[in-house]
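Below you'll find the structure, written out as structure tokens, and then a few comments.
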Amino acid sequence: MTTYSVYLHPSLAYTRENLAERSRLVPDKFSWGGFVVPLLWLGFNRLWLNALFVLVFEVALTLGVSRLGLPQGVTLTGGLIVMGFVGLEGRKWLCAGLERRGFRLIDIVEAHSPDEALHRLLDQSQEADLVTPTASSPRAPQSRGVIGLFPGPDSRP
């Protein structure tokens, strides 16, 4: 099963229709698109600053290897490390980017597919819970106890 973080745009009311049609589900798993074509994946997901850092690192690595006279295998190895890092951490960067743009974390759901995750979320929700959160009663996101690949200090097995 995959864990999905469900995000909703801040301008939308928290209703069944908006959850079904306009929510953004981010799976917590390895990103093959981020691994194979990291710059395109980062650009497609509007993670411009991360894409800029990856591009600057790749250019600096290539120039450094050529200036220092190191073998080209160093460039290949460095590129594979960057690709693996984007594949592993890209989804976390995507969640952070959505939150910076004002998206709200509605819930975290475990499911086999995005459709099943959305159905589980709608089944769990009751009409009383599906109102626009106000400043006096915000709905706190649930903590998974895991940051990236490593458990946090408060999560015990």
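Figure the gain on full extension for Glu116 and Leu12 (residue separation times 0.36 nm, minus the Cα-Cα span) and round it to one decimal in nm. Numbers along the way, then the final one.
Numbers: separation 104, 0.36 × 104 = 37.44 nm, distance 2.21 nm.
Fully extending the segment from Glu116 to Leu12 adds 35.2 nm.
How many nm is it between the label spots at Leu88 and Leu39, if each spot is 7 Å from the Cα in line with the beta carbon?
Rounded to a tenth, the inter-label distance reads 2.3 nm.
Can you pull out the chymotrypsin sites (Phe, Trp or Tyr not before Pro) in segment 20-114 that DSSP calls coil and that have at most 16 other Cβ atoms within 10 Å?
Numbers: sites: Phe30, Trp32, Phe35, Trp41, Phe44, Trp48, Phe53, Phe57, Phe85, Trp93, Phe103; in loops: Phe30, Phe103.
Filter output for segment 20-114: Phe30.
I'd like the trypsin sites (Lys or Arg not before Pro) in segment 59-112 restricted to DSSP loop residues with at most 14 other Cβ atoms within 10 Å, sorted by number.
Arg101
Using each residue's phi in segment 57-74, evaluate 6.51 cos²θ - 1.76 cosθ + 1.60 at θ = phi - 60° and report the 3J(HN,Hα) Karplus result to the nearest Hz, with x for Gly and Pro.
After applying 6.51 cos²θ - 1.76 cosθ + 1.60, I find 5, 4, 5, 5, 5, 5, 5, x, 5, 5, 6, 8, x, 7, x, 5, x, 5 Hz.
Computed from the coordinates by the stated procedures, all read-outs in this text should not be read as laboratory data. Keep in mind that what you see is a predicted model, and the values were worked out from it rather than measured. Cβ atoms come from the backbone with ideal geometry, glycine included; neighbour counts cover every protein chain shown.
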